[in-house]
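This report refers to the structure that appears directly beneath it.
The values are calculated or read from the model by the stated rules, or taken from the named source; none is laboratory data. Since we're looking at a predicted model, the values are computed, not measured. Glycine gets a Cβ as well: all are built from the backbone with ideal geometry, and neighbour counts include every protein chain shown. Side chains included, ligands, DNA and RNA excluded: accessible areas come from the protein's heavy atoms. Shrake-Rupley method; radii C 1.70, N 1.55, O 1.52, S 1.80 Å.
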Amino acid sequence: MQTPAPDELVRLCQRTLPSDTRAFELLVSMYKERVYATAYRLMGDRQDAEDQAQEVFLKVYRGIRQLEDPAMFTSWVYR
């Protein structure tokens, strides 16, 4: 089975969180390396970057329902 596009996963999250986290888990899986790499470039420390990446995904989890345009997910994450 092919993984859905990020905007499709965002729509699923908006409909199913918090009772079903599978779509969110897929989004994390898709973005975790890029988010960590960005945090590491900015912070220069592995532990700080891991902590910051975790914070990013907590904010995503809490705010994904308010994202008006699912196609803007990638730029929203990096903001």
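Leaving out ligands, DNA and RNA, and with a 1.4 Å probe, what % of the accessible surface on the chain is carbon or sulfur? Mind dumping the intermediate values first?
Values: 2800 of 5570 Å².
The computed percentage sits at 50.
For segment 66-78, in order, what is each residue's ³J(HN,Hα) by Karplus, 6.51 cos²θ - 1.76 cosθ + 1.60 with θ = phi - 60°, in whole Hz (x at glycine and Pro)?
The phi angles translate into 8, 5, 6, 10, x, 5, 8, 4, 4, 5, 5, 4, 6 Hz.
Specify which residue in the list C13, T74, M43 is farthest towards the positive end of the charge dipole of the chain, using unit charges on the beta carbon of Lys, Arg (+1) and Asp, Glu (-1), about the Cα centre.
C13
Under a plain spin-label model, where a point goes 7 Å from the Cα along Cα-to-Cβ, how far apart in nm are S29 and D51?
Spacing of the two 7 Å Cα→Cβ label points: 2.9 nm.
Using alpha carbons only, what's the Rg to Rh ratio of segment 1-47 with Rh from Kirkwood?
Working: Rg = 13.2 Å, Rh = 11.9 Å.
For segment 1-47, the value is 1.11.
Could you work out the percent of alpha carbon pairs in the chain separated by over 16 Å, rounded to a whole number?
Details: 1480 of 3081 pairs.
In whole percent, the long-distance tail amounts to 48.
Evaluate the charge dipole of the chain about its Cα centre and quote only its size in Debye, nearest 20, assuming +1 on the Cβ of each Lys and Arg and -1 on the Cβ of each Asp and Glu.
Values: 11 positive and 12 negative charges, 25 e Å.
For this selection, approximately 120 debye.
Roughly how many Å² is the accessible area per residue of the chain, as a whole number, for a 1.4 Å probe? Before the final figure, lay out each step's value.
On the way: 5570 Å² over 79 residues.
For the chain, the per-residue accessible area is 70 Å².
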